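Okay, structure first, notes after.
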């Protein structure tokens, strides 16, 4: 969505637009009252369409993690259904090899819109907690120091929250493959690269392929 | 889970605080003016008063039209002032701000004089009450805007603004253009339609 009052210049252009719009409504209403009403309705629809769909998107604020004590590398992992995937575990192992790594796994509590708006998040959080605990156990079994938490249902918000409290050096986002991933469809990975000033690694976990014998 | 340091002030990056602030401001203004417009249209449409305005009231369309030109011109001078300081032209900023303030003051004084000459008062009919309510509410916004413009003008003569630091001019300009936008709506609705 575009903010029409972002700067003085944009507010001035908005004023000029209002003058033109008002003039058209007045001209229309002088011809016929209902023509004036129709012009006003059409203008309102056009403005709403432009602001919501066609306007220049607000650039997000670039977020940088705060500093943390030296001597360790902090890796933030964002994953939900793919949190137990072998491809993700392999990536974490590779990134933590030979260094003192501190891994924080954040699992967003994904919820339906209706349940989100009614604050009915208990089931979503419980499911995310179960997946997180299984995943943490797997990572710890691999000898990696890892902690975890349930995050906001919006993965980008969950990352930002963890950015503040964990101060990671790098970020790993785990998703399903293209075509099956809601996060990819919503541009979570590209959004994270645009919004967060730290290296972002995208790991694709194909759970179906991992279940089949050929996946091993 | 502990912190290694005091975390910095946190705000959601879903939407910046500046945008939240301006949206809240616009939302509150829409509700404020919207309530007055609702009363105005209720009175005009539901009561089926024809012709509008009811006899014997006359709206000062011509004077308000000239006043509209004055206010719109003040937006041009405000824009000139802002563009001037962005280019480092302090004289342009000072001239632009003085002109904007004087034009805004002219608008407000003309409005006050017109109130005295208009021949009806708030207690006469619902038309009169809504007329004064809408134009008066906008007048209050102009008064607030003039106060802001005066502060900017004084600061511009004291050399407080530069091409790098002119946030005060920018914000004041946004408010002034908003006041003009509201007047365009009020003038179109109350005087022309």
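The values are calculated or read from the model by the stated rules, or taken from the named source; none is laboratory data. Since the model is a prediction, treat every value here as computed from it, not as a measurement. No Cβ is skipped: glycine too gets one built from the backbone with ideal geometry, and neighbour counts run over all protein chains shown.
Annotations
- Subset of the range A:13-54 that is within 33 Å of the chain's Cα centre (by Cα) and within 10 Å of another protein chain (Cβ to nearest Cβ) - its residue that is modelled with the lowest pLDDT: A:14
Here's the yes/no breakdown for (1) in a helix (DSSP H, G or I); (2) more than 8 Å from chain A (Cβ to nearest Cβ); (3) modelled with pLDDT of 60 or more:
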residue: B:1; (1), (2), (3): no, no, no
residue: B:6; (1), (2), (3): no, yes, no
residue: B:9; (1), (2), (3): no, yes, no
residue: B:15; (1), (2), (3): no, no, no
residue: B:20; (1), (2), (3): yes, yes, yes
residue: B:24; (1), (2), (3): yes, yes, yes
residue: B:34; (1), (2), (3): yes, yes, yes
residue: B:39; (1), (2), (3): yes, yes, yes
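- Filter result for residue A:147 (out of contact with any helix residue (DSSP H, G or I) (no Cβ under 6 Å at 6 or more places or on another chain), surrounded by fewer than 18 Cβ atoms within 10 Å (Cβ to Cβ), free of Cβ contacts under 8 Å to residues at least 60 places away in the same chain and within 14 Å of chain B (Cβ to nearest Cβ)): yes
- Where residue A:109 falls short, out of the listed (1) under 18 Å from the mean Cα position of the chain (by Cα); (2) in contact (Cβ under 8 Å) with a residue 60 or more places away in the chain: (2)
- Taken as a whole, the structure leaves residue B:106 outside the set of residues that are more than 27 Å from residue B:122 (Cα to Cα) and either more than 11 Å from chain A (Cβ to nearest Cβ) or at pLDDT below 95 (or both).
Quick grid of which residues meet (1) under 16 Å from the mean Cα position of the chain (by Cα); (2) within 14 Å of chain A (Cβ to nearest Cβ):
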{"position": "B:120", "(1), (2)": "no, no"}
{"position": "B:129", "(1), (2)": "no, no"}
{"position": "B:136", "(1), (2)": "yes, no"}
{"position": "B:143", "(1), (2)": "yes, no"}
{"position": "B:158", "(1), (2)": "no, no"}
{"position": "B:166", "(1), (2)": "no, yes"}
{"position": "B:175", "(1), (2)": "yes, yes"}
{"position": "B:191", "(1), (2)": "no, yes"}
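- Criterion applied to A:181, A:174 was being closer than 26 Å to residue A:72 by Cα and either within 18 Å of the chain's Cα centre (by Cα) or within 14 Å of chain B (Cβ to nearest Cβ) (or both), and the one residue passing it is A:174.
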